[in-house]
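S.K.: Below is one structure. I have some questions about it.
The values are calculated or read from the model by the stated rules, or taken from the named source; none is laboratory data. If you're wondering where the values come from, they're calculated on a predicted model, not measured in any experiment. Quick reminder, even Gly has a Cβ in these numbers, built from the backbone with ideal geometry, and neighbours come from all protein chains shown. Each accessible area value is taken on the protein alone, full model and side chains, heavy atoms only, with ligands, DNA and RNA left out. Shrake-Rupley method; radii C 1.70, N 1.55, O 1.52, S 1.80 Å.
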Amino acid sequence: MADPKTKNHIWLHLGLISFTVLALYPVLWVLALSFSGQQSVGLIDLPQDPSFLERFRAILPLPAHWSVTNFVEVWTEQQFGRWLWNSVIISLMTTLLGVFLACTAAYAFSRFRFPGRSTGMLMFLVSQMFPGTLMLIPLFIIIVKQLELGNTYLGLVIVYATTSIPFCVWMLKGYFDTIPYDIEESALIDGASRLTIFWRIILPLAKPAIAITALFSFMTAWNEFILASVFMESEANYTAPVGLRFFVGGFSSQWGYFAAGSVIVSLPVVALFLQLQQYLISGLTAGSVK
Amino acid sequence: MSISEHLKRSAILGLGISMLLALVLSALLFRAEERDLGLQERQRLAVLQANALVLAVADTDAEATRKRVQEIQKLDPQIESVIIVAGAQLLASTRPEDAAPRQLRREEKPLFDLSNLIRTARETNRGEEIVRKKTIQVEEAAQGHLVVTMPYLAAGEFAGIMQMQFNLAAADVGTVADDTVSLPLLMLLLALLAGVMLRLDAGRRIDFAKLLALAVFLVIAVFYQQQRIGRLEQIEKQDNKSVAASYLATAEQFDRLGYLPLLRDPAVVNLWDTDHYQRPRGLIGADGSISVEAQTRQLGKRADFIRPILWVIDLLAVAVLLMFVYGYAARAYAAFKAHIDAYIYVAPAMIGMLVLVFFPFMYGITLSFTDTTLFNESLPFSDRLIGWDNFKAILGDFNIYQSTADGISWNYQNFYWTLMVTVIWTVTNVTVGVTVGFMLAMALNTDGLKGKAIYRVLLILPWAIPNYITALVWRGMFHPQFGVINQVLQMFGMEPVAWFDGVVSSFITGLATNGWLSFPFMMVVILGALQSIPKDMYEAAEVEGASRWQRLRYITLPLLKPTLIPAIVLSVVWTFNMFNIIFLVSGGEPAGANEILVTKAYKIAFEQYQYAYAAAYSTVIFMILLVYGFFQTRITKATESF
């Protein structure tokens with residue numbers, strides 16, 4: 001006797017599987033393209049008047065010949081290695097600076113009661129409403145034209161670090177609030193200075209939150225495209241996002257290099273994202289619940 | 001009585017600091033104004049010569065024009081070089097290496113572009129009969145080196161541009177020789193002296209000493225500022241004199257050489273001394289005499305500009321004075337000292353935010369009230385100020401469509417078109433995201449479904465991949481010739497679609513990409529909410545005989561609302577600002593029809609180089625978001641109380 005519920009699930013599975021295949025198609029397509037060893041956007045060269053089957057073969061995300069030349073050449077013949085290096089350095093520097101700024105500010109907001117505290121926190125919140133393009137033009141004029149920090153790591157790093165501050169501060173402050181004050185009080189009585197407490201007690205206790213903050217700062221810098229494309233004009237200073245667009249934007253169409261580069265750039269981010277998704281989602285929804 | 005006691009009781013700190021503040025700020029203002037005057041005079045001298053030259057070659061043939069240009073350049077040692085560009089031809093040049101006449105070279109394309117820009121500006125002014133666009137471009141290349149570009153006319157018609165390079169470093173720029181240091185120092189000393197002598201009575205709200213301190217401050221400040229305004233007027237009068245002298249000297253030479261007759265009549269309008277819109281200033285007559293009324297008007301205009309700023313400075317300083325006199329400053333200092341630890345911790349982040357977020361924000365707002373472009377950045381700020389014109393041009397332009405014989409043709413460059421596209425874009429995307437996310441979440445929430453975790457991880461992937469990569473991938477899949485999507489269409493015997501050529505099809509490319517990108521977020525959020533709905537509610541409903549639809553309508557949806565609404569609010573803002581998808585997938589094709597507000601602002605700034613217009617555009621976007629923000633908080637509050 002067939003259980004009606006199981007029968008239902010077969011249809012559900014069918015639906016879910018076909019949707020998943022559709023949803024994953026672009027990913028598979030990029031993977032196939034990256035291993036195809038060629039630059040064209042089509043995976044198969046179609047004959048003059050292709051049949052149904054030939055067309056079907058063309059849309060299957062499988063390369064005509066498997067090859068790793070795209071991965072090799074994107075390193076050796078293109079400047080991609082350099083762009084990736086730029087991205088790594090900029091993202092790491094952003095993370096360091098961003099976490100430092102966010103930790104100190106969040107600690108003060110969490111532990112001290114001082115005039116201007118609520119105003120300061122409100123200011124951080126309000127700044128999230130400023131649209132990117134409104135900031136883009138003044139930042140371009142100030143950083144590139146006045147300070148002449150275009151084409152430098154420093155220019156992008158300070159902008160990325162400050163844009164990630166508000167989110168990081170609010171998140172860290174929330175975490176610091178959960179650390180009991182008793183620990184600090186007893187340390188104060190034992191004669192520890194504020195700096196010692198911050199450095200030796202608070203920071204080690206807040207490691208998980210700091211890790212998330214660091215990840216957020218890193219991802220901000222790693223995935224940012226607009227500011228980088230405006231600030232970095234010379235090809236040698238491109239970051240990975242700007243470089244990837246260089247492969248397929250405008251009139252160039254080096255889809256193989258693009259696909260190989262995309263796989264390299266995405267792998268660490270996707271891995272981190274899948275690992276930490278529950279924290280990210282709880283962080284996003286926390287704001288709405290509170 | 002100790003010194004600190006004494007400081008507290010006397011008005012010396014208050015008067016000293018407020019006086020210093022007022023003096024320094026006004027001195028900075030006046031110094032900026034004087035430098036501005038110097039720059040303006042150099043520009044006036046340069047524009048004068050440029051106008052003269054264009055008028056002198058207006059009715060001559062090409063050969064004579066070249067000859068006159070050479071002669072005029074030799075007449076005045078301040079003129080470094082002159083070139084005339086007509087169409088794609090270099091008509092005349094005083095630089096021997098140019099070998100004019102010849103075709104423009106490839107690297108001289110900026111000259112051709114500049115010519116087109118000035119032609120458009122001229123035609124706009126003529127067409128609208130309002131002078132709105134500058135037809136004279138002045139650029140300060142280095143200290144004292146000016147480049148003036150203006151229309152070159154042949155037989156009264158626009159024929160190209162004339163560019164003149166000056167070295168005016170040695171020009172007689174009007175200054176009044178006397179020192180600007182001893183007077184303010186003396187004033188400051190006076191204020192300090194008065195401060196020492198005044199004894200404040202902390203017990204009373206208003207006492208004689210407090211009033212006197214205020215009076216001393218006002219008298220000194222106003223006296224100093226009046227004195228500096230007088231000095232400014234003197235400089236401006238001298239400037240007019242030297243411009244008039246320069247005019248007369250050149251006019252007499254032109255008269256002698258037979259280029260242009262010199263009319264010795266003060267009533268005839270002087271066409272050489274014009275502003276950057278080529279409107280005569282009316283300050284100097286054709287005979288070189290200075291009109292007294294016009295000069296008074298000119299001086300009054302500057303004073304009107306300065307006075308309000310001085311009022312603000314004085315008000316600020318008075319506020320500081322009162323803070324000291326009433327002891328607020330001492331209390332604030334004590335508070336600062338008590339919380340010094342906290343301020344040190346906050347300072348780095350706060351300074352960073354002020355310098356890189358709040359200052360640029362204010363800068364952007366200020367920029368939107370100017371007409372700054374790539375070409376006139378170096379001009380002084382007061383020359384670029386145009387008030388609300390940018391906003392009028394954006395919001396006041398209702399030329400959304402035109403009715404032609406073939407039907408309606410839409411004006412894709414219009415703000416309201418872009419706004420409409422943005423709203424449609426946001427609504428459709430959020431609808432698609434919520435619908436797909438909801439259906440998947442319902443499916444994954446089925447009891448006893450195997451492999452939930454695997455589906456979940458696989459379906460979340462689109463969210464994990466950096467969105468610019470997603471955008472470029474979809475751009476490849478929509479490739480009109482080799483793209484996968486057209487292959488599928490052809491597989492089923494349909495015609496391939498040129499995706500980026502049609503307004504609707506191009507919109508669909510963005511929608512598909514963003515839909516793919518955004519459903520995982522909705523799915524995860526809704527799934528989380530569904531799992532928190534207690535099962536016994538459904539069971540109870542089933543026992544009561546509620547149908548599937550009724551359970552969805554009366555249990556699931558109401559309980560989802562508190563989670564769903566914040567998620568929708570968030571994703572509306574994300575989609576509204578989704579720059580990467582539009583910019584990288586369709587690029588707003590065709591002809592900018594699918595541009596959303598943020599990408600449009602970017603293109604105005606970085607492809608048309610109209611920084612100020614783009615800043616105004618962004619300010620309007622900010623206002624829209626602000627209004628949305630107000631509604632959002634109200635909606636969110638409403639759901640919280642639910």
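S.K.: Sort A:219, B:442, B:353 by heavy-atom solvent-accessible area, probe 1.4 angstrom, most to least. Walk me through the intermediate numbers first.
M.R.: Details: A:219 40, B:442 70, B:353 0 Å².
Of A:219, B:442, B:353, the descending order of accessible area is B:442, A:219, B:353.
S.K.: Once ligands and nucleic acids are excluded and a 1.4 Å probe is used, how much of residue B:600 is accessible, expressed in Å² to the nearest 10?
M.R.: For residue B:600, solvent-accessible area is about 20 Å².
S.K.: If we count GluC sites (Glu not before Pro) as exposed when they sit in a DSSP loop and have at most 14 other beta carbons within 10 Å, what is the longest stretch of chain A that avoids them all? Walk me through the numbers on the way to the answer.
M.R.: On the way: sites that count: A:77, A:148, A:233.
The longest uninterrupted stretch comes out as A:149-232.
S.K.: Let me ask another. Averaging sequence separations of C-alpha pairs under 8 Å and six or more residues apart, then dividing by the length of chain B, give the relative contact order as a whole percent. All intermediate terms of the calculation are to be shown ahead of the outcome.
M.R.: Values: 762 pairs, mean separation 84.8, N = 642.
Value for chain B: 13 percent.
S.K.: Still on this structure, I have one more. Place +1 on the Cβ of every Lys and Arg and -1 on the Cβ of every Asp and Glu in the range B:16-87, take the dipole about the Cα centre, and give the residue among B:49, B:23, B:37 whose Cα lies farthest towards its positive end.
M.R.: B:23
S.K.: Mind grabbing the accessible area of residue A:220 for me, 1.4 Å probe, Å², rounded to tens?
M.R.: Accessible area, nearest 10 Å²: 40 Å².
S.K.: Taking all protein chains together and a probe of 1.4 Å, list A:34, B:289, B:403 from the most accessible to the least accessible. Mind dumping the intermediate values first?
M.R.: Numbers: A:34 0, B:289 45, B:403 95 Å².
Result, largest first: B:403, B:289, A:34.
S.K.: Follow-up question, since we're still on this one. Amide H neighbours of residue B:145 under 5 Å, counting only residues 5+ apart in sequence or on other chains, H built in-plane at 1.01 Å?
M.R.: B:168
S.K.: Name the residues of the range B:306-353 whose accessible area, probed at 1.4 Å, falls by at least 30 Å² once all protein chains are in place instead of their chain on its own?
M.R.: Residues losing area: B:339, B:341, B:342, B:343, B:345, B:346, B:348, B:349, B:350, B:353.
S.K.: At 1.4 Å probe radius, can you tell me the per residue accessible area of chain B in Å²?
M.R.: On the way: 31600 Å² over 642 residues.
With the other protein chains kept in place, chain B gives 49 Å² per residue.
S.K.: Something else now. For residue B:92, list long-range residues whose amide hydrogen, built 1.01 Å from N in the peptide plane, is under 5 Å from its own amide hydrogen.
M.R.: Distant-sequence amide H within range of residue B:92: B:84.
S.K.: Could I ask something else about it? Considering only the other residues whose Cβ falls under 14 Å of the Cβ of residue B:419, what net charge follows from Lys and Arg at +1 and Asp and Glu at -1? Before the final figure, lay out each step's value.
M.R.: Details: positive: B:600; negative: B:397, B:595.
Summing Lys/Arg as +1 and Asp/Glu as -1 gives -1.
S.K.: Also, quick follow-up: Could you sort the residues of the range B:596-623 by number and keep only those whose accessible area is reduced by 40 Å² or more in the all-protein-chain setting relative to the chain alone, 1.4 Å probe?
M.R.: Correct list: B:602, B:606, B:611, B:618, B:622.
S.K.: While we're looking at this one, here's another question. Under a 1.4 angstrom probe, counting protein chains only, how are A:167, B:166, B:223 ranked by accessible area, largest first? Numbers along the way, then the final one.
M.R.: Details: A:167 75, B:166 0, B:223 115 Å².
From most accessible down to least: B:223, A:167, B:166.
S.K.: So, one more: Based on the alpha carbon coordinates of the range B:41-167, what radius of gyration and maximum Cα-Cα distance (Dmax) apply, in Å?
M.R.: 13.9, 41
S.K.: Between residue B:204 and residue B:591, how many nm apart are label points set 7 Å from Cα along the C-beta direction?
M.R.: Label at residue B:204, label at residue B:591, 7.9 nm between them.
S.K.: For residue B:342, what charge total do you get from the other residues with a beta carbon under 12 Å from its beta carbon, if Lys and Arg give +1 and Asp and Glu give -1? Please list the in-between numbers first.
M.R.: Values: positive: A:111, A:113, A:117, A:194, B:337; negative: B:341.
That sum, taken over residues with Cβ under 12 Å, equals +4.
S.K.: While we're looking at this one, here's another question. How much length, in nm to one decimal, is gained on full extension between residue B:103 and residue B:635, taken as 0.36 nm per residue of separation minus their Cα-Cα distance?
M.R.: Working: separation 532, 0.36 × 532 = 191.52 nm, distance 6.47 nm.
That pair, residue B:103 and residue B:635, stretches by 185.1 nm at full extension.
S.K.: Could you check the simple spin-label distance between residue B:170 and residue B:385, using points 7 Å along Cα→Cβ, in nm with one decimal?
M.R.: Result for the modelled spin labels: 3.6 nm.
S.K.: Here's another thing I want to ask about it. Find which of A:158, A:116, A:134 sits farthest along the positive direction of the dipole of chain A, computed with +1 on the beta-carbon of Lys and Arg, -1 on that of Asp and Glu, about the Cα centre.
M.R.: Of the options given, the answer is A:116.
S.K.: Summed for both chains, how many Å² of accessible area, to the nearest 100, are buried between B and A with a 1.4 Å probe?
M.R.: 7700
S.K.: So what J values fall out for the range B:134-140 if you push phi through Karplus, 6.51 cos²θ - 1.76 cosθ + 1.60 with θ = phi - 60°, rounded to Hz, Gly and Pro as x?
M.R.: 6, 9, 10, 9, 10, 10, 8
S.K.: With a 1.4 Å probe and all protein chains left in place, how much of the accessible area of chain B comes from carbon and sulfur atoms, in whole percent? Walk me through the numbers before you get to the answer.
M.R.: Values: 20180 of 31600 Å².
Percent of accessible area from carbon and sulfur atoms in chain B: 64.
S.K.: Report the extension gain between residue A:195 and residue A:177 in nm, rounded to one decimal, defined as 0.36 nm multiplied by the number of residues separating them, less their alpha carbon distance. Could you put the intermediate results ahead of the total?
M.R.: Numbers: separation 18, 0.36 × 18 = 6.48 nm, distance 1.77 nm.
Stretched out fully, the residue A:195 to residue A:177 stretch lengthens by 4.7 nm.
S.K.: A further question follows. Rounded, prolate or oblate: which one fits chain B, using the alpha carbon gyration tensor with axes a ≥ b ≥ c (rounded when a/c is under 1.5, else prolate when a/b beats b/c, else oblate)? Intermediate values should be presented prior to the final figure.
M.R.: Details: a/c = 3.17, a/b = 1.31, b/c = 2.42.
Oblate shape, in that a/c is at least 1.5 and b/c is the bigger or equal ratio.
S.K.: A further question on this structure: Expressed as a rounded percentage, what relative contact order does chain A have, with Cα pairs under 8 Å and six or more residues apart? Write out the running numbers ahead of the final one.
M.R.: Numbers: 273 pairs, mean separation 83.9, N = 290.
Across chain A, relative contact order equals 29 percent.
S.K.: Of B:574, B:90, B:227, which is farthest on the positive side of the dipole of the protein assembly as shown, counting Cα position, with +1 on Lys and Arg Cβ, -1 on Asp and Glu Cβ, and the Cα centre as origin?
M.R.: B:574
S.K.: Oh, and also: About the Cα centre, and with charges only on the beta carbon of Lys, Arg (+1) and Asp, Glu (-1), how big is the dipole of the range B:416-595? Nearest 20 debye, please. Spell out each step's value before the answer.
M.R.: Numbers: 9 positive and 9 negative charges, 80 e Å.
Computed about the Cα centre, the dipole is about 380 debye.
S.K.: Once the Cβ-Cβ distance between residue B:548 and residue A:18 is put in as r, and R0 is 25 Å, what FRET efficiency do you end up with, to the nearest 0.05? Write out the running numbers ahead of the final one.
M.R.: Working: r = 23 Å, r/R0 = 0.92.
It comes out at approximately 0.65.
S.K.: Turning to a different aspect of this structure: Under the rule of -39500 (n - 2.57) per DSSP H run of 4 or more residues, summed and divided by the residues of chain A, what mean residue ellipticity at 222 nm is obtained, to the nearest 500 deg cm²/dmol?
M.R.: On the way: 12 runs with 200 residues, N = 290.
That comes out to -23000 deg cm²/dmol.
S.K.: I've got another one for you. Can you list the residues, at least 5 places off or on another chain, whose amide H is less than 5 Å from the amide H of residue B:80, using H built in the peptide plane?
M.R.: B:165, B:166, B:167
S.K.: Now, a different point. With each run of n ≥ 4 DSSP H residues scored as -39500 (n - 2.57), what mean residue ellipticity at 222 nm is computed for chain B after dividing by its residue count and rounding to the nearest 500 deg cm²/dmol? Let's see the in-between values first.
M.R.: Values: 22 runs with 396 residues, N = 642.
-21000 deg cm²/dmol, from helical runs alone.
S.K.: Continuing with this model, one more query. Could you go through the range A:92-97 in sequence order and give the Karplus-derived ³J(HN,Hα) for each residue, using 6.51 cos²θ - 1.76 cosθ + 1.60 with θ = phi - 60°, rounded to whole Hz, and x for Gly and Pro?
M.R.: Couplings: 5, 5, 4, 4, 4, 5 Hz.
S.K.: Separate question: Roughly how tilted is helix A:4-34, in degrees to the nearest 10 and between 0 and 90, from the longest Cα axis of chain A?
M.R.: The angle comes out near 90 degrees.
S.K.: Give me the angle, in degrees from 0 to 90, between the Cα long axis of helix A:117-127 and the longest principal axis of the Cα atoms of chain A, rounded to the nearest 10.
M.R.: So the helix axis and the longest Cα principal axis differ by about 20 degrees.
S.K.: Quote the relative contact order of the range B:101-172 in percent (integer), defining contacts as alpha-carbon pairs under 8 Å separated by 6+ residues. Walk me through the numbers on the way to the answer.
M.R.: Details: 84 pairs, mean separation 16.3, N = 72.
23 percent.
S.K.: Filter the DSSP H helices in chain B by two things, a Kyte-Doolittle mean of at least -0.5 and an axial alpha-carbon span of 24 angstrom or more, and list the hits by number.
M.R.: What comes out of the filter, once short or polar helices are dropped, is B:12-56, B:208-257, B:292-325, B:415-444, B:503-531, B:557-576, B:611-641.
S.K.: How big is the accessible area of residue B:255 in square angstrom, nearest 10, if you roll a 1.4 angstrom probe over the protein chains?
M.R.: For residue B:255, the solvent-accessible surface is approximately 70 Å².
S.K.: If I build a Gaussian network model for chain A, linking alpha-carbon pairs within less than 10 angstrom, which residue out of A:66, A:85, A:75 has the largest mean-square fluctuation?
M.R.: In this elastic network of chain A, the residue with the biggest mean-square fluctuation among A:66, A:85, A:75 is A:66.
S.K.: For residue B:607 and residue B:256, compute 0.36 nm times the residue count separating them, minus their Cα-Cα distance, and round to one decimal in nm.
M.R.: On the way: separation 351, 0.36 × 351 = 126.36 nm, distance 4.83 nm.
Gain on stretching residue B:607 to residue B:256: 121.5 nm.
S.K.: Here is a follow-up. Determine the shielding of peptide A:106-117 by partner chains: average, over its residues, the number of Cβ atoms on other chains within 10 angstrom of each Cβ.
M.R.: Working: counts 3, 3, 10, 4, 0, 3, 6, 2, 10, 7, 7, 3.
The mean count of partner-chain Cβ atoms within 10 Å per residue comes to 5.
S.K.: Mind giving me the nanometre distance, one decimal, between the label points for residue B:75 and residue B:504, set 7 Å out from Cα along Cα→Cβ?
M.R.: The modelled label-to-label distance comes out at 6.6 nm.
S.K.: What number in nm² do you get for the protein assembly as shown if you take the convex hull of its Cα atoms and divide its surface by four? Don't jump to the answer; show the numbers that get you there.
M.R.: On the way: hull surface 220.2 nm².
That works out to 55.0 nm².
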